[in-house]
Ligand SMILES: Cc1ncc(COP(=O)(O)O)c(C=O)c1O
């Protein structure tokens, strides 16, 4: 249902949808089944195949540019890549500044299989890869923009150097989504994501996927999913597919809101260290303009301490205190409260929602102004 020349808005509306059939819905509802009636050549059990998953995977494959396999969460997608590519004795590099759940999984679960886990920060990767630092490494996991500090990696250069060293590359594309970044086009072997976030975008489900280059990798991941039983339920998958159609609209508003908040707060006296790769003054701006197809809806900055973040939240009407990101509501997450990120107590990640830009800017600036006397 999509053409190669279609723009992003057209592709997300049409991807994975069936050809029109009179009297049938645009997107058929979720198929709830464990076994199916048996017949020659037909599907027989939902751990192996479910048409709702097949349709959503087709949509993701269109957007990513490679065959995609869905998983019940972002972590299930990440662990599937790690566990299908690594063997005992291997070395794996994960981002020191990416989603902390990935580091926890790697350190706590892979070490038992005698897999050596090493960490490199997103800004150092280019140099490490360039001087042969990935020699002997089996898999490199990149997260770009990194979460929560939003550093952007030079994926194409790092991937080329990694491949020269015989190292596979997987990119966690959660923050950008395939509309913002196409890691497979930049040479990566895997593009994976927590579709829990912006891709589904309504803060109402957990889901993940892995897109890969070449059919063999997708088959291996599908076999892993069937054998391990990490199969998502059809309702979540259908909800995500239903939500996908508005992805471009949501990203446009979310990134417009992030840019407006970044501009309004970057020089505010209560705020320090504001990061938004879309700002020309941001350390990641050049890299962002080189590889990313559109800006993200996230920004981060520091307030004085945890109590100041609480005061900010109390003073704001529109900022919702919540973790996760990419949803319709603007959320503020004080990352130090979770203990996994190496950030100061007053560091916050803002996920911009789809509220009116003027409302959001007025609300955030007023909340920041109210902190003046507390600093
Ligand atoms: C960048 C990134 N990758 C993966 C995950 C894990 O996703 P899930 O919570 O769906 O398992 C998260 C969750 O916050 C994330 O931020």
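Computed values, structure above
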item	result
Residue identified as touching a helix residue (DSSP H, G or I) at 6+ places or on another chain (Cβ under 7 Å), away from the ligand (no atom under 13 Å from the Cβ), closer than 21 Å to residue 284 by Cα and part of a strand (DSSP E or B) among 179, 140	140
Members of the stretch 236-271 found to be within 30 Å of residue 52 (Cα to Cα) and touching a strand residue (DSSP E or B) at 6+ places or on another chain (Cβ under 7 Å), listed by number	237
Single residue of 55, 4, 59 found to be assigned to a loop (DSSP other than H, G, I, E, B) and farther than 30 Å from residue 136 by Cα	4
Elements of type helices (runs of 4 or more DSSP H) in the stretch 217-297, at least 2 residues being farther than 21 Å from residue 181 by Cα	234-244, 247-265
Matching residues, the stretch 182-215, being modelled with pLDDT of 95 or more, away from the ligand (no atom under 12 Å from the Cβ) and either part of a helix (DSSP H, G or I) or farther than 15 Å from residue 66 by Cβ (or both)	201, 202, 204
Which numbered condition residue 212 fails, given (1) within 19 Å of the chain's Cα centre (by Cα); (2) free of Cβ contacts under 8 Å to residues at least 40 places away in the same chain	(2)
Among the candidates 336, 358, residue that is in the same structural domain as residue 255 (by TED's automatic domain parsing), assigned to a helix (DSSP H, G or I) and within 21 Å of the chain's Cα centre (by Cα)	336
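The values are calculated or read from the model by the stated rules, or taken from the named source; none is laboratory data. Predicted model, so just to flag it, every value in this text is computed and none were measured. With ideal geometry, Cβ positions are generated from the backbone for all residues, glycine too; neighbour counts draw on all protein chains shown.
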